[in-house]
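The values are calculated or read from the model by the stated rules, or taken from the named source; none is laboratory data. In this text the structure is predicted, and so the values were computed from the model without any measurement. Reconstructed Cβ throughout: ideal geometry from the backbone, glycine too, with neighbour counts over all protein chains shown. These area figures cover heavy atoms from the full protein model, side chains too; ligands, DNA and RNA do not enter into them. Shrake-Rupley method; radii C 1.70, N 1.55, O 1.52, S 1.80 Å.
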Amino acid sequence: NWNEDRKRRIRKMNKYDLLIKNGMIHTAVESFEAEIGVSEGKITAIGQNLGHAERVIDAEGMLVLPGGIDAHCHIEQESSTRIMTADDFYSGSVSAAFGGNTTFLPFAAQHRGQSLREVVDTARERARNKAVIDYGLHLIISDPTQNVLEEELPSLIKEGYTSFKVYMTYEMLKINDGEMLDILAIARRHGALTMVHAENNEVINWISERLIRRGYNAPKFHAVSHSPLAESEASRRAIDLARLVDARMLIVHVSDAEAAHSILQARNNELTIYGETCPQYLFLTAKDLDQEGMEGAKYCCSPPPRDKASQEAIWKGLKNGTFQVFSSDHAPYRFDESGKFHAGRDASFNKIANGVPGLETRMPLLFSEGVGKGRITINEFVALTSTNAAKIYGLYPRKGSLVIGSDADIAIWDPKWVRTIKKEMLHDNMDYTPYEGMEVKGWPRIVISRGRIAVEEETLKVDRGSGEFLPRTPAEAGRELPISSPLSPSRNFGAKLL
Ligand code: DUC
Ligand code: ZN
Ligand code: ZN
């Protein structure tokens, strides 16, 4: 029939499903002008004059980057106090896509008493029907029983859940140092990565009690109670626990100069300690919590935003190798009783739900203030927002770069697009953004996920549930111990006792 014939002729003429022309390609290591050919969801050619395609995108004046990977976000997840995040896998993934992301890594969170398997099954089911971009899942471990450590974790790591977050604070989540060592030891043995929320719980409680006793209940005291010392002490302790058993570790959402310094020092001592930071530590300060009434609750997250000097230290850390990963820590709790005020409108600071949204604004903010103002290069931007996360979390080279054979996950950025951030333009399910009114220059115009146009002309083009689960690859497991005798006084002799 005529129609079939015509289709066949067109297919023959077109070597690619999609061709991106005239753009400047930027990866984590280099920038060059080339065309990208995409077939069946993969990048199949990078070069000049690639020929014809069913769909050609003219990227003149645009930047062609790997799609972003948001490696830390809380989606359709119940907090330890059992409040549900405002975003599910649909709204969260749509918002992520509009912000230039093609992969995100939310959590399957264990609450005490739950089996990890059950937790993972629930998260998989929630994501399967909804996500529009690809996703992996980290685990949150709050109850490291013998069964979790010896049975569930090893098999889940094999199935592609190769990273887990643990908390040193939050009453219902925190693990003690012994439990941390147990988890690190298992992670080391099986090539997984432990992500640590490093804040000293006792210090926070001690200060909080005294503030509340004196009637200091307002949101701004959240930042006082979560002292930078609570963060730097816990970060140092976590790093030392990792040293003891020679395990890899990533300290998440670093806000403070001293904590950042400990990470850099560990890296300089050749320990495999990674650091992550987030937009809230570059663009907010504790002053944002100090507002009329409960307004400051919008900025309550942990660790809290600090001061200008801390912001500068965090910028420096993005440049000097302290931080490998820049994530949102999107933790969406609305400014109402379903979220921030789950404990009441007049709750004291320690009862306000912790977290800020940021999936969609993470990359435009860093692009505008970082690349646009000359603080980081475009290649560093790609490394921090995509490539390093792919490498660290076992997704590389399928994700995180633009190389032949990798998934065609591509964001085409317009570096001249000036936008003023407003809640109404964002696609999450939140009723505020902490970045309201900020002017940014640079935003993705077209976002491509596995060769499919996901976002174009400010419109979503892919179906609900079309994102795929990404099992991830563990790092080299059971590395040779760097010490020779079990009685060696070497500081990491603990590895011999695993
Ligand atoms: N702190 C966390 O530990 N997780 C989610 C958000 C937050 O503020
Ligand atoms: Zn955290
Ligand atoms: Zn988090």
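From the residues in segment 329-356 that are of a type in the set (G, A, S) and more than 13 Å from D87 (Cα to Cα), which one is nearest to ligand 1 (Cβ to nearest atom)? Let's see the steps before the verdict.
The first filter runs over segment 329-356 and keeps only residues of a type in the set (G, A, S), leaving 331, 338-339, 343-344, 347-348, 353, 355.
Restricting the remaining residues to those that are more than 13 Å from D87 (Cα to Cα) gives 343-344, 347-348, 353.
Details: A343: 16, G344: 19, A347: 16, S348: 17, A353: 8 Å.
Per the stated criteria, the residue is A353.
Scan segment 22-80 for residues that are charged (D, E, K, R) and open to solvent by 30 Å² or more (accessible area, probe 1.4 Å) and jot them down.
Within segment 22-80, E30, E33, E40, K42, E54, R55, D58, E60, E78 meet the criteria.
Among the residues of segment 202-249, write down those that are more than 30 Å from T162 (Cβ to Cβ) and outside any helix (DSSP H, G or I).
Hits for segment 202-249 are R214, G215, Y216, N217, A218, P219, S227.
Just the residues that are closer than 20 Å to A286 by Cα and away from ligand 3 (no atom under 16 Å from the Cβ), please, taken from segment 310-334.
S310, Q311, E312, A313, I314, W315, K316, G317, R334
For segment 221-240, which positions are surrounded by fewer than 21 Cβ atoms within 10 Å (Cβ to Cβ) and either within 16 Å of ligand 1 (Cβ to nearest atom) or hydrophobic (A, V, I, L, M, F, W, C) (or both)? If you could, list the steps in order and put the result at the bottom.
Applying the first criterion (surrounded by fewer than 21 Cβ atoms within 10 Å (Cβ to Cβ)) to segment 221-240 yields 224, 227-229, 233, 236-237, 240.
Once the filter is applied, which keeps residues that are surrounded by fewer than 21 Cβ atoms within 10 Å (Cβ to Cβ) and either within 16 Å of ligand 1 (Cβ to nearest atom) or hydrophobic (A, V, I, L, M, F, W, C) (or both), segment 221-240 yields V224, S227, P228, L229.
Of the residues K287, K298, K319, which single one is under 15 Å from L366 (Cβ atoms), of a type in the set (K, R) and away from ligand 2 (no atom under 16 Å from the Cβ)?
Details: K287 fails: under 15 Å from L366 (Cβ atoms); K298 fails: under 15 Å from L366 (Cβ atoms).
Of K287, K298, K319, the one residue that is under 15 Å from L366 (Cβ atoms), of a type in the set (K, R) and away from ligand 2 (no atom under 16 Å from the Cβ) is K319.
Can you tell me how many residues within segment 180-201 are within 16 Å of ligand 2 (Cβ to nearest atom), assigned to a helix (DSSP H, G or I) and open to solvent by less than 10 Å² (accessible area, probe 1.4 Å)?
Qualifying residue count, segment 180-201: 2.
Does any residue of segment 155-169 turn out to be farther than 19 Å from A247 by Cα, open to solvent by less than 10 Å² (accessible area, probe 1.4 Å) and within 16 Å of ligand 1 (Cβ to nearest atom)?
yes
Kindly provide the set of residues from segment 317-346 that are under 27 Å from L395 (Cα atoms) and among the charged types (D, E, K, R), ordered by number.
Selection gives K319, D329.
Select the strands (runs of 3 or more DSSP E) contained entirely in segment 42-122, then report the ones holding at least 1 residues which are within 26 Å of V325 (Cα to Cα).
Numbers: elements: 42-47, 53-58, 63-66, 68-70, 101-104, 107-109.
Answer list for segment 42-122: 42-47, 63-66, 68-70, 101-104, 107-109.
Just need a number here: residues in segment 261-279 that are part of a helix (DSSP H, G or I) and within 16 Å of ligand 2 (Cβ to nearest atom).
1
Can you confirm whether S368 is in contact with a Pro (Cβ under 6 Å, 6 or more places away or on another chain) and open to solvent by less than 50 Å² (accessible area, probe 1.4 Å)?
Criteria not met by S368.
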